[in-house]
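The values are calculated or read from the model by the stated rules, or taken from the named source; none is laboratory data. As the structure is a computational prediction, the values presented were derived from the model and not from experiment. Counting neighbours? That spans all protein chains shown, and the Cβs are built from the backbone with ideal geometry, glycine included. All accessible areas refer to the heavy atoms of the entire protein, side chains included, with ligands and DNA or RNA removed. Shrake-Rupley method; radii C 1.70, N 1.55, O 1.52, S 1.80 Å.
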Amino acid sequence: MSFRPLYAKHSKSLLVKTSSLKQLVNKASYLNQLQQCLNLYLSTTIRENCAIASFQNGILTILVNNAHWATRLRYQQNKLKQQLQEHHEFYGIHKVAIKVSPKPLKEPEEVHELTMSSKTAKIIAETAENINHPALREALERLSKHTR
């Protein structure tokens, strides 16, 4: 059982009570709801590379990772607009704007560095000693120095 002091409040209650944070949380949940509706009509590859930026004055703005996905989405623009008009969330939509985002839409995955054991490094170093080609020998010697 965990101890919680009487004066401690849940983070959700803090977010809902502060007016500026409340507006931000409401906007984020609204955009998330719109994104779920949009995802119904997108293929999984496009879905991973786009996100709704805003929906104001009948204009739905979608951000994409690069120009390739922007072009593919622009080909589907009119059909997508017609499909989204059927949802009450997109009432009054008259334009779908597609923009390329300079920043990645999703957090990049953690990169794992590859390391080799000292035994493997020793085998590569021994192999380098027996190689006659100077560039290959040098490359193997450099490689053998990357140990844990």
Review point. Residues in the range 51-67: is at least one closer than 20 Å to LEU31 by Cα, modelled with pLDDT under 90 and open to solvent by less than 50 Å² (accessible area, probe 1.4 Å)?
Key: no
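Of all residues in the range 126-137, which are open to solvent by 100 Å² or more (accessible area, probe 1.4 Å) and assigned to a helix (DSSP H, G or I)? If you could, list the steps in order and put the result at the bottom.
Filtering the range 126-137 down to residues open to solvent by 100 Å² or more (accessible area, probe 1.4 Å) leaves 129-130, 132-133.
Answer for the range 126-137, where residues must be open to solvent by 100 Å² or more (accessible area, probe 1.4 Å) and assigned to a helix (DSSP H, G or I): just GLU129.
Among the candidates VAL100, VAL111, which residue alone is at pLDDT 90 or above and among the hydrophobic types (A, V, I, L, M, F, W, C)?
Values: VAL111 fails: at pLDDT 90 or above.
Just a single option satisfies the conditions, and that option is VAL100.
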Review point. With (1) at pLDDT 90 or above; (2) open to solvent by less than 70 Å² (accessible area, probe 1.4 Å); (3) of a type in the set (Phe, Trp, Tyr) as the list, and TYR75 as the residue in question, which single condition is left unmet?
Key: (2)
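Return the total of residues in the range 85-104 being open to solvent by 30 Å² or more (accessible area, probe 1.4 Å) and part of a strand (DSSP E or B). Step through it out loud before you land on a result.
Filtering the range 85-104 for residues open to solvent by 30 Å² or more (accessible area, probe 1.4 Å) gives 85-89, 91-92, 94-95, 99-100, 102-104.
Next, only the ones that are part of a strand (DSSP E or B) stay: 95, 99-100.
Selection size over the range 85-104: 3.
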Exercise for review: State which residue pairs qualify: first residue more than 15 Å from GLN35 (Cα to Cα) and inside the range 86-97, second residue modelled with pLDDT of 90 or more and surrounded by 13 or more Cβ atoms within 10 Å (Cβ to Cβ) in any location, beta carbons under 8 Å apart, and separation of 6 or more residues or different chains.
Suggested key: HIS94/ILE59; HIS94/LYS81; LYS95/ILE59; LYS95/LEU60; LYS95/LYS81
Check your understanding: Of all residues in the range 17-50, how many are among the β-branched types (Val, Ile, Thr), open to solvent by 40 Å² or more (accessible area, probe 1.4 Å) and in contact with a helix residue (DSSP H, G or I) (Cβ under 7 Å, 6 or more places away or on another chain)?
Key -> 1
Review point. Does GLN82 fit the bill of being outside any loop (DSSP other than H, G, I, E, B), more than 15 Å from VAL100 (Cβ to Cβ), at pLDDT 90 or above and open to solvent by 90 Å² or more (accessible area, probe 1.4 Å)?
Key: yes
